[in-house]
Each structure stands twice: as structure tokens, then as C-alpha cells.
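Participant: Please see the structure below; I have some questions.
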Amino acid sequence: LGLLMMSFASHAFDSQGHRGARGLAPENTLAAFERAMAIGVTTLELDVGLTSDGVPVISHDPYLAHDMVRDAKGEWLGTQSPLIRQRSLAELQSFDLGRVREGSTTAKNFPGQQSRDGEKVPTLAALFARVKAAGADQIRFNIETKLNPTKPEETATPQEFVKATLAVIQEAGMAERVTIQSFDWRTLKLVQEQAPGIPTAYLTVKSRNNDSAADPAWTAGMRLADYPTVAHMVKAAGGAVWSPNFASINEAAVKSAQAIGVKVVPWTVNEPADMRRLISWGVDGIISDYPDRLREAMQAV
Ligand code: G3P
Ligand code: CA
């Protein structure tokens, strides 16, 4: 029975709170991660940048989020928000990220967000500490290294990212509870070399005019034309998971990836009808700004 339960657990559906719970609290703050945990996600999805003093902090953009950042006097910084790689952790933590600016795009897109003034940009280490303090021993982390190979001046290098991020993971004893994901497949290659036990998730974005899987700058030189599908590329690269944007896939793509042993965890799914459709196709997990809606959709299917 024990064995059966273990194998069941390893196939459990992976509900991931995107940037914590972006639809419910300011993204990538401890408040957002706490909200996601309270809802009962299996995984916290988050983005990492490196400060000028080499500390991995949780931020989606190479700067502190324009629609959220206020200085110590309460002034909104907007596009004057500092680049993370140019400021020390202490400088970055002088800014408040606890609410979104009224009338901003983020406020319009996510009207239900609950503010919590005083939230600072969290370090990855602080998130691990908070989750441990909460006794949430089952929670996993899907850590995205945020680099843009076409804008290397904006961030640290893949080598710096991987070294600093792995150090924090190992220091916290979290190696068995993390996945590292990236659109920039160079970082995933480094992770596999330096920490072979950590699963890697290969992100792709595809629209009519753009397919990152077809761009060797993003795929660490791999060429889509050499493979039958993107999932075959992911498998050849040593990836455990393929994370495409959800609108770019169909049921056949999901099934054929799984048939070669690649899990499929699409992003970022916020409408219940889309969630139910993807669940009925058998995806291995879903990344959502609304883990509350995802929980309901999982019950409905
Ligand atoms: O996990 C994938 C998803 O987070 C990618 O999109 O831009 O929100 O980081 P983005
Ligand atoms: Ca992300």
C-alpha cells in the first residue's frame, strides 16, 4: 500500500500558484506566497533576479515591478524603478511592494488583489525560511531564472544566476523540493551539470510571429528543425517538464510529449473553462494567477 501511495503521489496533479497568487495579492511577495499556500497549491511559481551584491531575490522583471514600487516617502517610482542588478539588497529592500498603484495596468488586470503594506522584495532564502516556519513541508518551488539572452546588460549572466541560486537552495536543504525553469535554456544546461538531481522545466512561448523554441538564442543553440516536436527537444536537452503557453498547445501535443516521458505544465491559465479543458487533456499541472479557481476546476473535472 505504501508503494502504491508513493507512486500515486508522484503522479499527483501539480497546481502551481503563479508569482504566488498574482490575481489575489501583489505578485512575488511573501503575502502572495502565503495566500497560495493557504489555498493549498502544491507548488509556488516564482521568478528570480540577482542583486548587485549577488543575492537571489524574487522579481519577475529586471527591475522592481513598475506598478507596485514606492519609495520610503510613499512616492510611486513607476518606470524610474531601479534595475535589480544595479542595486544592493539593502537598497532594494528600502522600497515597498505591498500594493498595486490604482489605475495601473496591473490593477486593471487583477482587480481583486489584497494589499499588504510593508512588503519588501523577498530573497529566495527568506521565502524558504517562511515556508519552513509555516511547517509546509510538502510545498514545492518552481524557480524561474529570469534572463533575456537578447538583453544581457539587464541581468547577471547564466553562470552567476545558477551559482547563486543553487547555493541558496543547497544552504536551505531544499534541493529535493525545487524545479528550475527558464525560457533561457542555457541556465537549465548549467543546472543539470551542477545539480543533476534537480529537475529542469523548459519554458516556451509561441504566437503567430514568435516561437522561442525556434530561436537558438533561447534554446542554447538547439534547432527545432532537427526534432519532430518541441517535446522531443526538451527530452534531448534532459528536461523533465515542458511548460508552453497554454494557448499554443492541443491535446495531441500533450499526449505525444507524455508518451516520450516529458511532463506538460502549461502557463498561465486563469479562466476556469481553459483549466477544465487542459485538465481533461491530462496535463501534469497548471500554473495560474488564481489558485483558488484552479482548485475549483480540479474538483469539477
Ligand atoms: O512559469 C511560466 C510563467 O511564469 C512564464 O511567464 O512571464 O509570468 O514568467 P512569466
Ligand atoms: Ca515566471
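No lab work stands behind these numbers, since they all come straight from the coordinates. Model, not experiment: these values are computed from the prediction. No Cβ is skipped: glycine too gets one built from the backbone with ideal geometry, and neighbour counts run over all protein chains shown.
Participant: When ARG295 is evaluated against the numbered criteria (1) surrounded by fewer than 18 Cβ atoms within 10 Å (Cβ to Cβ); (2) over 23 Å from ASN28 (Cβ atoms); (3) away from ligand 1 (no atom under 16 Å from the Cβ), which criterion, by number, is the only one it fails?
Facilitator: Here ARG295 meets the rest and fails (2).
Participant: Further question on the same structure: At least 2 residues that are closer than 18 Å to THR42 by Cα in each: list the helices (runs of 4 or more DSSP H) lying fully within region 234-301 that qualify. If you could, list the steps in order and put the result at the bottom.
Facilitator: Numbers: elements: 251-259, 272-281, 291-300.
In region 234-301, the matching helices (runs of 4 or more DSSP H) lie at 272-281, 291-300.
So that you can scan it fast, the table gives a plain yes or no per residue for (1) under 24 Å from ASN270 (Cβ atoms); (2) of a type outside the set (Ser, Thr, Tyr); (3) buried (at least 19 other Cβ atoms within 10 Å of the Cβ):
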site: LEU97; (1), (2), (3): yes, yes, yes
site: GLU102; (1), (2), (3): yes, yes, no
site: GLN138; (1), (2), (3): no, yes, no
site: PHE141; (1), (2), (3): yes, yes, yes
site: ALA175; (1), (2), (3): no, yes, no
site: VAL178; (1), (2), (3): no, yes, yes
site: ASP184; (1), (2), (3): no, yes, yes
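Participant: Return the total of residues in region 33-69 being under 16 Å from PRO122 (Cβ atoms), without any contact (Cβ under 8 Å) to a residue 60 or more places away in the chain and more than 16 Å from ligand 1 (Cβ to nearest atom).
Facilitator: The qualifying residues number 3.
Participant: Output the residues belonging to region 79-111 that are within 19 Å of ASP289 (Cα to Cα), among the hydrophobic types (A, V, I, L, M, F, W, C) and either touching a Ser or Thr at 6+ places or on another chain (Cβ under 9 Å) or not in a helix (DSSP H, G or I) (or both).
Facilitator: Selection gives LEU97, VAL100, PHE110.
Participant: With respect to ALA231, determine if the residue is in contact (Cβ under 8 Å) with a residue 24 or more places away in the chain, away from ligand 2 (no atom under 16 Å from the Cβ) and in a loop (DSSP other than H, G, I, E, B). Show your work before the answer.
Facilitator: Working: in contact (Cβ under 8 Å) with a residue 24 or more places away in the chain: yes; away from ligand 2 (no atom under 16 Å from the Cβ): yes; in a loop (DSSP other than H, G, I, E, B): no.
Here the answer is no, as ALA231 does not meet what is asked.
Participant: Moving to a separate point now. What's the total number of residues in region 195-218 that are of a type in the set (S, T, N, Q) and surrounded by 13 or more Cβ atoms within 10 Å (Cβ to Cβ)? Outline the logic, then answer.
Facilitator: Residues of region 195-218 of a type in the set (S, T, N, Q): 200, 204, 207, 209-210, 212.
When the remaining residues are screened for being surrounded by 13 or more Cβ atoms within 10 Å (Cβ to Cβ), the result is 200, 204, 212.
Counting residues in region 195-218 that are of a type in the set (S, T, N, Q) and surrounded by 13 or more Cβ atoms within 10 Å (Cβ to Cβ) gives 3.
Participant: Is it the case that region 156-165 has a residue that's farther than 24 Å from SER59 by Cβ, out of contact with any strand residue (DSSP E or B) (no Cβ under 8 Å at 6 or more places or on another chain) and charged (D, E, K, R)?
Facilitator: Step one: of region 156-165, the residues farther than 24 Å from SER59 by Cβ are none.
So far as region 156-165 goes, no, none of its residues is farther than 24 Å from SER59 by Cβ, out of contact with any strand residue (DSSP E or B) (no Cβ under 8 Å at 6 or more places or on another chain) and charged (D, E, K, R).
Participant: Which one of these is more than 21 Å from TRP281 (Cβ to Cβ), surrounded by fewer than 17 Cβ atoms within 10 Å (Cβ to Cβ) and in contact (Cβ under 8 Å) with a residue 24 or more places away in the chain: GLY221, GLY238?
Facilitator: On the way: GLY221 fails: in contact (Cβ under 8 Å) with a residue 24 or more places away in the chain.
Exactly one residue qualifies, and that residue is GLY238.
Participant: Among the numbered conditions (1) within 27 Å of ALA217 (Cβ to Cβ); (2) surrounded by 15 or more Cβ atoms within 10 Å (Cβ to Cβ), tell me where PRO152 comes up short.
Facilitator: Failing condition for PRO152: (2).
Participant: Could you tell me which of the residues ALA300, ALA247 is small (Gly, Ala, Ser) and more than 14 Å from ligand 1 (Cβ to nearest atom)?
Facilitator: Details: ALA247 fails: more than 14 Å from ligand 1 (Cβ to nearest atom).
Just one listed residue meets the conditions, ALA300.
Participant: Do any residues in region 243-263 that are in contact (Cβ under 8 Å) with a residue 12 or more places away in the chain and under 16 Å from GLY285 (Cβ atoms) have Cβ atoms under 7 Å from those of residues that are in a strand (DSSP E or B) and not hydrophobic (A, V, I, L, M, F, W, C), where the two are at least six apart or on different chains, and which pairs are they?
Facilitator: From residues that are in contact (Cβ under 8 Å) with a residue 12 or more places away in the chain and under 16 Å from GLY285 (Cβ atoms), the pairs are SER243/GLN181; SER243/TYR202; PRO244/THR204; PRO244/LYS206; ASN245/LYS206.
Participant: Any idea which of (1) closer than 18 Å to THR43 by Cβ; (2) touching a residue at least 12 places away in the same chain (Cβ under 8 Å) is the one THR123 doesn't satisfy?
Facilitator: With (1) closer than 18 Å to THR43 by Cβ; (2) touching a residue at least 12 places away in the same chain (Cβ under 8 Å) applied to THR123, the lone miss is (1).
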